[in-house]
Amino acid sequence: KVVAVIMVGGPTKGTRFRPLSFNTPKPLFPLAGQPMVHHPISACKRIPNLAQIFLIGFYEEREFALYVSSISNELQVPVRYLKEDKPHGSAGGLYYFRDLIMEDAPSHIFLLNCDVCCNFPLPDMLEAHRRYGGMGTLLVIKVSAESASQFGELVADPITKELLHYTEKPETFVSDLINCGVYVFTPEIFTAIQDVFTHREDRANLRRVSSFEALQLATRTPLADFVRLDQDILSPLAGKKQLYTYETIHFWEQIKTPGMSLKCSALYLDQFRFTSPHLLASGDGTNSATIIGDVYVHPSAKVHPTAKIGPNVSISANVRVAAGVRLISCIIFDDVEIKENAVVMNSIIGWKSSLGKWSRVQAEGDYNAKLGITTLGESDC
Ligand code: GDD
């Protein structure tokens, strides 16, 4: 059996996603009409012998309860939200729930960052991992040398694919091959995390012998049970024939800012052509709006037949789009009303906004924009 764990983080981590993360946890932010976390979850469904999917985070349980029960029903795979009492780090969080994760005695555990956008080639990774052996395989990708320093940079053996060297967000260039935040591990990963704790205790004990003051410092530190997967596990285990890499040549992006969500929405909509064409609006019906390129329209939304929508538009529940409206590259949240002849380009329209007749909401087409949200009140321009 195999289980999958998706690290969803928590409210304190989402500051770059403000103000969108004020109303909804970042993992539930809609991309291509589906919550961000929906995309890795539905990719997990393709893993052979998948027993369970766990979401681990420190958001309030109630924020995920509805979503988790509806997605479990939809996919017919148990999806559970496990709440940490405080952040334990990307590896510490996994370790904290080791008993629950190991309940079904899985042979492999997938670990996925929630805030990455890719085609999640999970069955291929598992197959590659079985060939390589070792404790884990990381999904990696080549990026431009300039952008590599925002990620974990690594060196892999070109023949055996073994991870030889790993540095998290280095100040000086190491490699243009980076860590995508998608892993498959054997249960040995728990021993590796346990070893980090043991070493820390040993070091604290050494200090205890040499200085009572140092002991006080060590025991008072709030980070005692905080373990990061990258710095604390991947870096020290590189070059020890334990970790291997699987390189993807498909798309991969990190979703840290609202602006990036527009780009990722476009990538997922494009992928729907192959994975879920029924989710894309066709514009074929007699009373349908003109649809250009990839567009998602929630079934409860009402779009006037004279509106022109696309490319890269996703329209959420209960949205009303009036006659003559033009929407290009945008995400429209629940309950928004867009009145006659309004134009929206390269923007995210927040919950329950109302755009007046002839209004125009347009941002520069910069996907890295720190603030991509627009919430306009009623206007009569
Ligand atoms: N549950 C839980 N608890 N989740 C956490 C915690 C925690 O204490 N800390 C981080 N996470 C989640 C985040 O929500 C995210 O999905 C993932 O773990 C990694 O977050 P960070 O540790 O903040 O790292 P990062 O996103 O800056 O970089 C990581 O991912 C990149 C790929 O997107 C690193 O692994 C990089 O090397 C990698 O390139």
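Miscellaneous remarks
- Those lysines that a straight Cα-Cα span of less than 17 Å connects to Lys302, excepting residues fewer than 8 apart in one chain: Lys339, Lys352, Lys357
- Largest GNM mean-square fluctuation among Leu112, Leu269, Leu279, using the chain with Cα springs under 10 Å: Leu279.
- Selected from Thr160, Gly93, Ile328, residue furthest toward positive end of dipole (the chain; charges at beta carbon): Ile328
- DSSP beta bridges fully contained in the chain are about 30 percent antiparallel.
- Residues considered: Arg203, Arg16, Arg326. Largest GNM mean-square fluctuation over the chain, using C-alpha springs under 10 Å, is found at Arg203.
- The Cα-based radius of gyration and maximum Cα-Cα distance (Dmax) for the chain are 22.8, 82 Å.
- Computed from label points 7 Å out along Cα-Cβ, the spacing between Ser276 and Arg98 is 3.5 nm.
- Per-residue surface analysis assigns Lys169 an accessible area of about 110 Å², computed on protein heavy atoms at 1.4 Å probe radius.
- The GNM of the chain, with springs linking C-alpha atoms under 10 angstrom apart, assigns the highest mean-square fluctuation among Pro27, Pro258, Pro236 to Pro236.
- Here each label is just a point 7 Å from Cα along the line to Cβ, and for Ala51 and Gln76 those points are 2.0 nm apart.
- Dimensionless Rg over Rh [the stretch 1-113; C-alpha; Kirkwood]: 0.95
The values are calculated or read from the model by the stated rules, or taken from the named source; none is laboratory data. As the structure is a computational prediction, the values presented were derived from the model and not from experiment. Because the Cβ atoms are built from the backbone with ideal geometry, glycine has one as well, and the counts that use them run over all protein chains shown. Areas reflect the complete protein model, heavy atoms only, side chains present, ligands, DNA and RNA absent. Shrake-Rupley method; radii C 1.70, N 1.55, O 1.52, S 1.80 Å.
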